[in-house]
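Report on one structure; see the data block that follows.
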Amino acid sequence: MLLIPCVHCGERDEVEFRYGGEVEPAGNVPSEGATSGSLLKANTAGVVEERWFHLHGCQEWITLRRNTLTDLFGPSGGRDPQS
Amino acid sequence: MSYVHYSALSLIRHGLSGQRYWPRLWRDAQPKASYDVLIVGGGGHGLATAYYLAAEHGLRNIAVIEKGWLGGGNVARNTAIVRSNYLLPESSSLYDRALRLWESMAHDLNYNVMFSQRGVVTLAHTEHDLLKVRQRVEANRANGVESEFLDLPALKRFVPILNTDRNVRFPILGASLQRTAGIARHDAVTWGYARALQRLGVDIIQNCEVNGFDVERGRIKGVRTTRGAILAQKVCLSVSGHSSILAAMAGFRLPITTRVLQAFVSEPVKPLLDTVVMSSTLHIYVSQSDKGEMVFGLAPDRYPGYGPTGSFHILEQSMRNVCAYFPMLRRLRMMRQWSGIIDASADGSPILGKTPVDGLYINTGWGSGGFKATPAAGWVMAHTIARDEPHALNAPFSLDRFRTGHLMDELGAGAVAH
């Protein structure tokens, strides 16, 4: 259950959003063939930077930090409580 | 610690002493310095792998290491459904091998795993569903997997409590039925394998979490754990929900996304559902346990994560569907809800085989449907580890397929999409 802090609209329920994937520095993504490059995921357990599309809101793409172990958002990597 | 074969005779003999002196099923072992084969993950798949390595390939110096306690992971957090009505020939061969092994498991392990072949019904709610369901039935039959189509009157006779009226958002149009599918007691599977491993001399080591691998010139030498370093000639990762984390420690990436999947059970009631009902349109699967609890499996969360709880809106939507399609369950109280984390592969099929590190093998990517494959996954992984090459059944499920492009796009993978 996520309360996603949209930079434009404030905290909103996750059902308003579409997930857009983990943001990685270009150098991190393996490039050993067309198939593997796109399918091999970092799938990080911990703090990640992710893209979200606020479909039922401002309809903007936003980039947020989330801790995938605790589901907490925040610039410090989710140490800020979400409520 | 002795081993007692379960039989009517042993029951009578222990009855004479008031059933007080049964030996423990298995022993909590201390890690030794080195093993021939080390299985990481004491779930159903890991235990089954160790079992077949010992029982069919004659290896003895084996350990299963588990970061928590035996049967504390996904083997105890699933909805216990076993079926083999998959679409692709490679998948149905693998899952049908599992179904055959399930049928003889209680006998093989000398332990009642309460495997109940009560049938699994897959509902169709739209014309497209109907086409898919019919296609699956025909594909199954062509692949030698028993499957049949139920029209509405036949479905109503088979599952009387199902609402087949048109007063719902997605009226039911028909269903497929695999009569040989069913459910098993998942805890008993764990205990049965653990007891068999005890008899075969395999170490089960709990509270032993892997935090690194020792790799020399591309070959595995051992693992580093919270209970010290353990040398091993071969290591098998069998860690649903944590495969990417361990693969990263070993220096490679997987085509895996980890998601939270939840389920819940109701208070126990008298028998009212003697089969399993699932629907991919509604994202639910429903059965009744032997204790009488109604068991509900839900959809996975829509974003990746290792989080502690599932999304509330998924629970809410599933409840609404349960009330609409099983109206007599409306006033049931839910007793508990839980979630587990699953490793879903990019093409919906499992990964069973070698990794870029020599001597390191992996079993992952089952998404929401790994429990049903437990014995077959163990069987093919044991073959792969013992001979250092995959069996024909798991050769199509190599990790390498994501490099070569020979994907196993299994549309029938889950009761729910993942």
- prompt: What number, in percent, do you get for the relative contact order of chain B if the mean sequence gap of Cα pairs under 8 Å and at least 6 apart is divided by its residue count?
  reply: 22
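Please work out whether the stretch B:1-106 counts as rounded, prolate or oblate from its C-alpha gyration tensor, where a ≥ b ≥ c are the square roots of the eigenvalues and a/c under 1.5 means rounded, while otherwise a/b larger than b/c means prolate and anything else oblate? Write down the numbers at each step before the final one.
Working: a/c = 1.95, a/b = 1.31, b/c = 1.48.
Since a/c reaches 1.5 but b/c is at least a/b, the shape of the stretch B:1-106 is classed as oblate.
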query: Kirkwood hydrodynamic radius of the protein assembly as shown from all distinct Cα pairs, in Å?
result: 23.8
task: Let me see the pair-distance distribution of the stretch B:298-340: every alpha carbon pair, 5 Å bin width, integer percents in order.
output: 5, 20, 27, 22, 14, 8, 4
field: Across A:41/B:372; B:132/B:354; B:156/B:372; B:132/B:156, pairs whose alpha-carbon gap is larger than 24 Å
entry: A:41/B:372; B:132/B:354; B:156/B:372
field: CD proxy at 222 nm, helix term only [per DSSP H run n ≥ 4: -39500 (n - 2.57); per residue of chain B; nearest 500]
entry: -9000 deg cm²/dmol
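FRET efficiency for residue B:388 and residue B:334, Cβ-Cβ distance as r, R0 = 41 Å, nearest 0.05?
Working: r = 48 Å, r/R0 = 1.17.
Plugging the Cβ-Cβ distance into 1/(1 + (r/R0)^6) gives 0.30.
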query: Considering every residue in A:40-50, what mean count of other chain Cβ atoms within 10 Å of its Cβ is obtained?
result: 6
query: Hey, what angle do you get for helix B:186-200 against the long axis of chain B, alpha-carbon based, 0 to 90 degrees rounded to 10?
result: 20
field: Point-to-point label distance, residue B:400-residue A:28, nm (Cα→Cβ direction, 7 Å offset)
entry: 2.9
Computed label-point distance, nm, for sites residue B:270 and residue B:161 using a 7 Å Cα→Cβ extension: 1.2
query: How high is the FRET efficiency from residue B:316 to residue B:229, r the C-beta distance, R0 45 Å, rounded to 0.05?
result: 0.40
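Read-outs throughout are calculated quantities, based only on the coordinates presented, and are distinct from any laboratory measurement. Every value quoted in this text rests on a predicted model; they were computed, and no experiment measured them. Quick reminder, even Gly has a Cβ in these numbers, built from the backbone with ideal geometry, and neighbours come from all protein chains shown.
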